[in-house]
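So the structure is just underneath, and the comments pick up after that.
The values are calculated or read from the model by the stated rules, or taken from the named source; none is laboratory data. Predicted model, so just to flag it, every value in this text is computed and none were measured. Note that each Cβ is placed from the backbone with ideal geometry, even for glycine, and that neighbours are counted across all protein chains shown.
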Amino acid sequence: MTGRRLPGPHPGAEPIQEIPRSAAGDVPFPPELWAEAVYSRRAIPTTLAAGHPAPGRNAAEVDPLPQGPRLPLVPPPLHLAPAPGSPADPSDPAVVSALLHYSYGLLQHDLTPGGWPLHRAVASARCRYPSELTLITPTGALRFDPLHHQLTLLCAAVTGAQYPEHESTSRFIVITSRFARTARLYGDYAPRLCAQEAGMLLGAVHLVASALGLRTRPGQDQKTLNDLCAPWLPSAGEHPMGYLELARPPRPPKTGSPVDAGPQRPGDRAWHPPDLASVLRVRHSGAAIFDPEPAPVTRELIDDLEAALATAPLGDFSCHLLARSVTDLAPGHYVHVEGRLRQVSEGDPLALLEQIGQSEGRVSMNFRSTACVAYLAVRRGAAVARYGDDAFRRVHLGAGAAAHLVCVVAARHGLTARVHNGYDAATAERLLGLMPDEETVIFQVAIGAARPPASFRLPVVF
């Protein structure tokens, strides 16, 4: 039911490597996480419902800023577009500034006391933002500081990184995660939330890089990731999650002269709206309780969703759309296959939504006023057989990148997309017709017209 399956990597992906299972605790994603975090029907952790941090965690603890020389970035542009007259260059300071800001920078600020004050370009559970972005160049590793819009030099001469011989101008963006930052509120549920955000952040970098005219190659390979991180990653408290290689696009052929630009790679034809910077500035996840106003999604949004998912950076997922209210499209269950949504069944899917969306004995959100809900499923069985414990990280990168695209598509059409873990994974598999013991839903993304929130929010513009 997917356009691109796990067993066959897409062109440009790294070779598949077998990774043996490790004992629980040897890796950040032990096998128990599948049962505890995906199948537990756990939408609101006890610590969050009680209004206090997890036992033994200090909610007031502040992560220290990285030590090292600080390099200010030029102000990011108001619009995202390739520089006229020359191919995009990943070493250009203006390109780096725009890429980092619109991937993970601060875009909105709440003024309301008691609210979540700072919002970035990617959705994050309660604005904990456990991920970190590090730019790897042949001369050093530079950590992005979104609060000050600066880079901090972590170490010089990153000799352990693997740079392609044919792309001397390539750079790498590495995504790491601080689980403790999210565990202060979510306790042992934090690893799943961190894996989800890392995938969405990978999708964000890929999307912005495409809009800037860069070529990207997203990577999941554990050995390459560890090599990129080895010279600078702290020994504890931060986990490698994923990476993207950034390179110049191929030069266009001269008039009348054929040229071989090489094989197409992921990112060479990625979808993005022409006004991506504006869309990212208005994207948000809605109020604390997602209770949208009744409003349909348009066929134009569905068309954008088809195009976006077809060019997702990692294609190892399927998307099931339960549409209740769509203009020029019948309500029902749709599945994304080979770049298009095909209808599986007709009729209002409200009953399905409310059965899937049961959490702790109650419906987790107001599905009656939600226009549609996207469920992103992965080939869990094949991934575990091939990658062992590392399957959890890999499938969340692929599905998370697609989830970010769903959020951006909704924002482009004036709607809100909310990633919400309040669903029963086993019920979702049964009612969506997934392959038993093989496919698993790991993202539920609700789309609707958000009501005005109680907080007063301003954009962050440099």
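Checking ARG126 against (1) at pLDDT 90 or above; (2) among the charged types (D, E, K, R); (3) over 21 Å from PHE462 (Cα atoms), only one condition comes out false. Which one?
Single failed check for ARG126: (1).
To keep it simple, each residue is scored yes or no on (1) surrounded by fewer than 20 Cβ atoms within 10 Å (Cβ to Cβ); (2) among the small types (Gly, Ala, Ser).
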site	(1), (2)
GLN358	yes, no
GLY361	yes, yes
ARG379	no, no
GLY388	yes, yes
ARG412	no, no
VAL419	no, no
THR427	yes, no
VAL441	no, no
ALA446	no, yes
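Those residues that are among the hydroxyl-bearing types (Ser, Thr, Tyr), within 23 Å of the chain's Cα centre (by Cα) and over 17 Å from ASN366 (Cβ atoms), I need them from region 412-446; list them, please.
THR440
Can you tell which of ALA330, ALA323 is out of contact with any helix residue (DSSP H, G or I) (no Cβ under 7 Å at 6 or more places or on another chain), small (Gly, Ala, Ser) and modelled with pLDDT under 95?
Unique residue meeting the criteria: ALA330.
I'm trying to understand the selection: among the residues of region 369-392, which are touching an Asp or Glu at 6+ places or on another chain (Cβ under 8 Å), assigned to a helix (DSSP H, G or I), closer than 20 Å to GLU429 by Cβ and not charged (D, E, K, R)?
Answer for region 369-392, where residues must be touching an Asp or Glu at 6+ places or on another chain (Cβ under 8 Å), assigned to a helix (DSSP H, G or I), closer than 20 Å to GLU429 by Cβ and not charged (D, E, K, R): GLY381, ALA382, ALA383.
Any residue at all in region 84-95 that is more than 22 Å from ARG283 (Cβ to Cβ) and among the charged types (D, E, K, R)?
yes
Just need a number here: residues in region 97-115 that are surrounded by 16 or more Cβ atoms within 10 Å (Cβ to Cβ), touching a residue at least 60 places away in the same chain (Cβ under 8 Å) and among the hydrophobic types (A, V, I, L, M, F, W, C).
4
For region 396-420, give me the residue count where each residue is more than 20 Å from ASP316 (Cβ to Cβ) and not hydrophobic (A, V, I, L, M, F, W, C).
Result for region 396-420: 6.
Just wondering, is there one or more residues in region 396-414 that are assigned to a helix (DSSP H, G or I), farther than 25 Å from ILE447 by Cα, assigned by TED's automatic domain parsing to the domain that holds GLN444 and in contact (Cβ under 8 Å) with a residue 40 or more places away in the chain?
No, that holds for no residue.
Name the single residue that is farthest from ALA247 (Cα to Cα) among those in region 107-134 being part of a strand (DSSP E or B) and under 18 Å from the mean Cα position of the chain (by Cα).
Restricting to residues being part of a strand (DSSP E or B) and under 18 Å from the mean Cα position of the chain (by Cα), the top hit is HIS119.
For region 215-222, check the following and say yes or no: at least one residue is more than 18 Å from the chain's Cα centre (by Cα), in a helix (DSSP H, G or I) and in contact (Cβ under 8 Å) with a residue 12 or more places away in the chain.
yes
Would you point out the residue of region 432-459, among those that are in contact with a Ser or Thr (Cβ under 6 Å, 6 or more places away or on another chain) and not aliphatic (A, V, I, L, M), that is nearest to GLN358 (Cα to Cα)?
Taking the candidates together, the pick is GLY448.
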